[in-house]
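FYI, it's all coordinate maths here, none of it is from the lab. Since this is a predicted model, take the numbers as computed values, not measurements. So basically every Cβ, Gly included, is an ideal-geometry build from the backbone, and we count neighbours across all protein chains shown.
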Amino acid sequence: MTIKGELSAKEDLVVEGQFEGTIDVAENTVTVGPQGQVKSEIRARQIVVHGSVNGKITAREKIDIRRTGNVTGDLQAAGVAIEDGAYFKGSIEILREGRAEAAPARPPMTPRAS
Amino acid sequence: MLARPGRSEAGTDPRSAPAPSFGLRWLWQYAQDIPRPCVLDCGPIRSATLAVLLGRSGRLYRGDLISPLKRPDLWDRTRKTPVFRTEALLAELPPVAPASLSIVFGWHLLDLLPREALAEVLLRIHKLMEPGGVLFCLLREPRLEKGADAEWELEGLTGLTRAREGAVAFPYPALSNREIDRLLPTGSVKTFLTRSGWREVLVVK
């Protein structure tokens, strides 16, 4: 069974089946369970993925892809963690306010073939 | 904090001690004027590496080109001589605009690729790199016979650790810098020798 549509809620959400559409749980946590298969854009405060997600994922706080997770898409969040063993193909953009980590002093340019 | 992987059954840690990498030091100094570089990591997921790169990147792309090399479906065995499906491997790359990447971490991908696929993969990565972009990779010395299954991770921007030493024999002869240089339309190759049997090679577009 696949559920299609737009899903919004004001409480935490756990997806254990197949879903296609958009999920908007802006102030809460979305958990995609090990059996969950989601083809959708997800927006939430925190997102935890044990199952499969195909689509853009945006979290105000953190995205956490666990070992069994399989994600294809673009991630945008203040923090992202992906466990070793998970599958992820896509891009990650960290939402931040601070500055870049200081880099060491610049060496002479123009590398030479060796 | 995620659990640290790589501990053996005996409870000892098989990872090499973190060593300062001169290649990485050069890389980050070279890229210091780019406040938020676009980075592509082509290796297996290592949470430690991810944390380091996310701290420095503007946008981090991930597409593992190394793990899929074990998949039998990457070889077309319907012909007399099996043919490597290079396009199937390259499908593991995420969508990236041409000439947009500042840094690519290729790890030891080039040592694992069938030689007939080397040029196409290298050219695809080269195409995605911006002018002045850098491909960081590790190439084995000819004397190093095993380590095809080695894995690395970053401990800080310039600390390189082998998370797995690797015991599997390399499938193809060692590559020389000249071979890499010949396959590239433009750019230069810079090499840092190490005692570990791996060269740190930086290809600058």
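Computed from the Kirkwood radius of its Cα pairs, the Stokes-Einstein diffusion coefficient for chain B at 37 °C and 0.692 mPa s stands at 187 µm²/s.
If you wrap a convex hull around the C-alpha atoms of the protein assembly as shown and split its volume per residue, what is the figure in Å³? Let's see the in-between values first.
Details: hull volume 49.5 nm³, N = 319.
Taking only Cα atoms, the protein assembly as shown has a hull volume of 155 Å³ per residue.
In chain B, the DSSP-assigned H stretches of four residues or longer account for a calculated mean residue ellipticity at 222 nm of -6500 deg cm²/dmol, using -39500 (n - 2.57) per stretch and the full residue count as denominator. Among DSSP beta bridges lying fully in the protein assembly as shown, give the percent that are antiparallel, nearest 5. If we restrict to bridges inside the protein assembly as shown, about 30 percent are antiparallel.
When the alpha-carbon atoms of the range B:33-97 are used, the pair Rg, Dmax equals 15.5, 52 angstrom. Shown in residue order for the range B:95-110 are the 3J(HN,Hα) couplings computed by the Karplus curve 6.51 cos²θ - 1.76 cosθ + 1.60 at θ = phi - 60°: x, 9, 5, x, 6, 10, 8, 7, 9, 10, 9, x, 6, 9, 3, 5 Hz (x for Gly and Pro).
Averaged over the residues of B:33-39, the number of partner chain Cβ atoms lying within 10 Å of the residue Cβ comes to 2. By the equivalent-ellipsoid construction on the alpha carbon gyration tensor, the range A:2-87 comes out with semi-axes of 17, 15, 11 Å, ordered largest to smallest. Summary of the geometry: the range B:60-94 and the range B:131-186, compared by the centres of their Cα atoms, lie 19 Å apart. The label-point distance for B:Ala97 and B:Ala169, in a model that sets each label 7 Å from Cα toward Cβ, rounds to 4.7 nm. The listed peptides A:9-18, B:110-119, ordered by packing as a protection proxy, come out as B:110-119, A:9-18 (highest mean of other Cβ atoms within 10 Å first).
Antiparallel beta bridges, as assigned by DSSP with both residues in chain B, represent about 65 percent of the total such bridges. Normalising the average separation of contacting C-alpha pairs (under 8 angstrom, six or more residues apart) by the number of residues puts the relative contact order of chain B at 24 percent.
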